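The values are calculated or read from the model by the stated rules, or taken from the named source; none is laboratory data. Note that the structure is predicted; figures quoted are calculated from it, not measured. Positions of Cβ are backbone-derived with ideal geometry, glycine not excepted, and every protein chain shown enters the neighbour counts. SASA here: full protein model, heavy atoms, side chains in, ligands and nucleic acids out. Shrake-Rupley method; radii C 1.70, N 1.55, O 1.52, S 1.80 Å.
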Amino acid sequence: MDSNSNVTMDAIITFLGQTGASTPPEAAELTKAAVNILFAISEEGAKTAEDALDIIHDYRLQAKQYAALQKKHLTAGKPFLKDGVWHCPDCNGRCRPNNSFCHRCGKKLGWR
Ligand SMILES: [Zn+2]
């Protein structure tokens with residue numbers, strides 16, 4: 001980790017707030033926007049700059065996991081017939097034509 005990782009969000013926000021007060025109006029506006037963003041992240045529980053980066057990383061990870069779950073449970077896959085038995089397109093588990101979801105892995109099944 002870099003040496004800035006233990007800087008607290010409060011310290012950054014306070015510094016920017018003080019800096020913004022003594023800058024030209026355009027810069028003050030940008031500083032205010034930055035303070036609002038940092039404040040929102042600190043409201044999510046970030047006490048240090050490292051926490052803030054972790055939270056952003058976690059959001060990305062969750063977005064990825066959510067997309068994978070959505071693909072599995074909301075996007076239907078067409079079962080395939082092998083040796084006279086229907087199989088799940090995701091896990092190859094057996095399924096029946098009246099199953100909406102694979103009983104083995106939860107994949108949504110689309111029969112048409
Ligand atoms: Zn399956």
Where the second residue is surrounded by 12 or more Cβ atoms within 10 Å (Cβ to Cβ) and assigned to a loop (DSSP other than H, G, I, E, B) and the first is hydroxyl-bearing (Ser, Thr, Tyr) and lies in region 17-41, which pairs have Cβ atoms under 7 Å and are six or more apart or on separate chains? 31/23
Out of region 92-112, which residues are open to solvent by less than 80 Å² (accessible area, probe 1.4 Å) and under 14 Å from residue 71 (Cβ atoms)? 102, 105, 106, 107, 108, 109, 110
Search region 74-95 for residues being within 11 Å of the ligand (Cβ to nearest atom) and not in a strand (DSSP E or B), and hand back the single one that is nearest to the chain's Cα centre (by Cα). 90
Tell me yes or no: at least one residue of region 75-88 is farther than 30 Å from residue 102 by Cβ and out of contact with any helix residue (DSSP H, G or I) (no Cβ under 6 Å at 6 or more places or on another chain). no
